[in-house]
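*Asks:* Have a look at this one before I ask anything.
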Amino acid sequence: MGWKDWLFVRDKECFICRRPGALGYLCPSCSRTLKTWEQEFRPCRRCGRLLCKEYAGELCPQCGEKLPPFRLARAVGPYRGELRRAILEFKYRGRRSLALPLGYLLSRVVAEEPLYGRPRAVIPVPLSSQRLKERAFNQSALLARELSRLLGIKLLEEVLVKVRHTPPQAGLDRLARLQNLQRSFEVVESSRIVGLDVLLVDDVLTTGITAAACTVALLEGGARSVAVVTVATSLF
Ligand SMILES: [Zn+2]
Ligand SMILES: [Zn+2]
């Protein structure tokens, strides 16, 4: 690290509380707060959704019944508190600069979980062209760019596309969500992912249905395996 890095690293403000003195975007206090869930919950080994510690199994009930097509999913933490607020600001109030700290948190999740292995490409969950027009940017693509830069893994933004516009998933039950998303994602340039272990990026994982639908498309397009990383996940 050069002298400039020292200066700027020390003066960087925490992206949550805005106080100066953050290392890697978070001050030590907010870094600890984000991890408080670890006292109560642990991730389902497969889908990463959070189970209370008293729950006996390694897998959540849903994965116990049927494993999802992705190899694993993990998140920075539960979709609540500061993390939820940050995602809402980022996604709906257009604070694009949050892609940096959130991307940094994603990179830590991938670096700290050995089950990720060494993915060869980072791919964002795409939006339909209609939704992209409404929102003006794809939050997952911004996160994927940061993640790709921080981990030094190739970014493939145009390979997975959403071919059908679907109503928002929120408010639909599980079956309706599944039907809503079936065959709505497609791989357009399979030659670029054939045989690769890919890392799929999204902001939130709730039912896992979006991640599963993207995974099926990527596997059909020739990817060898798909792992998922999101900023937040749901409590089971
Ligand atoms: Zn802070
Ligand atoms: Zn699970």
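The values are calculated or read from the model by the stated rules, or taken from the named source; none is laboratory data. No experiment lies behind these values; they were computed from the predicted model shown. Reconstructed Cβ throughout: ideal geometry from the backbone, glycine too, with neighbour counts over all protein chains shown. Quick note on the areas: whole protein, heavy atoms, side chains included, nothing else; ligands and nucleic acids left out. Shrake-Rupley method; radii C 1.70, N 1.55, O 1.52, S 1.80 Å.
*Asks:* Which residues, taken from the stretch 215-236, are in contact with a helix residue (DSSP H, G or I) (Cβ under 9 Å, 6 or more places away or on another chain) and of a type outside the set (Ser, Thr, Tyr)?
*Replies:* Filtering the stretch 215-236 for residues in contact with a helix residue (DSSP H, G or I) (Cβ under 9 Å, 6 or more places away or on another chain) gives 220-223, 225-232, 235-236.
Scanning the stretch 215-236 gives 220, 221, 222, 223, 226, 227, 228, 229, 231, 232, 235, 236.
*Asks:* Determine which single condition residue 76 fails, assuming it passes every other condition in (1) in contact with a helix residue (DSSP H, G or I) (Cβ under 6 Å, 6 or more places away or on another chain); (2) surrounded by fewer than 18 Cβ atoms within 10 Å (Cβ to Cβ).
*Replies:* Failed condition: (2).
*Asks:* Against the conditions (1) open to solvent by less than 60 Å² (accessible area, probe 1.4 Å); (2) touching a Cys at 6+ places or on another chain (Cβ under 8 Å); (3) away from ligand 1 (no atom under 16 Å from the Cβ); (4) not in a helix (DSSP H, G or I), where does residue 63 fall short? Just the number, please.
*Replies:* Result: residue 63 passes all but (4).
*Asks:* Select from the stretch 43-60 the residues that are among the charged types (D, E, K, R), open to solvent by 60 Å² or more (accessible area, probe 1.4 Å) and either within 12 Å of ligand 2 (Cβ to nearest atom) or over 20 Å from residue 232 (Cβ atoms) (or both) and list them in ascending order. It would help to see each step written out before you state the result.
*Replies:* Our first condition is that a residue be among the charged types (D, E, K, R); within the stretch 43-60, this holds for 45-46, 49, 53-54, 58.
Narrowing further to those that are open to solvent by 60 Å² or more (accessible area, probe 1.4 Å): 45, 53-54, 58.
Of everything in the stretch 43-60, those that are among the charged types (D, E, K, R), open to solvent by 60 Å² or more (accessible area, probe 1.4 Å) and either within 12 Å of ligand 2 (Cβ to nearest atom) or over 20 Å from residue 232 (Cβ atoms) (or both) turn out to be 45, 54, 58.
*Asks:* Only one residue in 70, 15 is in a loop (DSSP other than H, G, I, E, B), closer than 28 Å to residue 219 by Cβ and open to solvent by less than 70 Å² (accessible area, probe 1.4 Å). Which one? Before you say what the answer is, go through the steps one by one.
*Replies:* Working: 15 fails: closer than 28 Å to residue 219 by Cβ.
Answer to the selection: 70.
*Asks:* Please count how many residues of the stretch 110-148 are surrounded by 14 or more Cβ atoms within 10 Å (Cβ to Cβ), out of contact with any His (no Cβ under 8 Å at 6 or more places or on another chain) and outside any loop (DSSP other than H, G, I, E, B).
*Replies:* Residues that pass the stated criteria total 17.
*Asks:* Could you grab the pairs with beta carbons closer than 6 Å, sequence gap of 6+ or different chains, first residue in the stretch 132-158 and closer than 16 Å to residue 93 by Cα and without any contact (Cβ under 8 Å) to a residue 12 or more places away in the chain, second one assigned to a helix (DSSP H, G or I) and open to solvent by 70 Å² or more (accessible area, probe 1.4 Å)?
*Replies:* Matching pairs, first to second residue: none at all.
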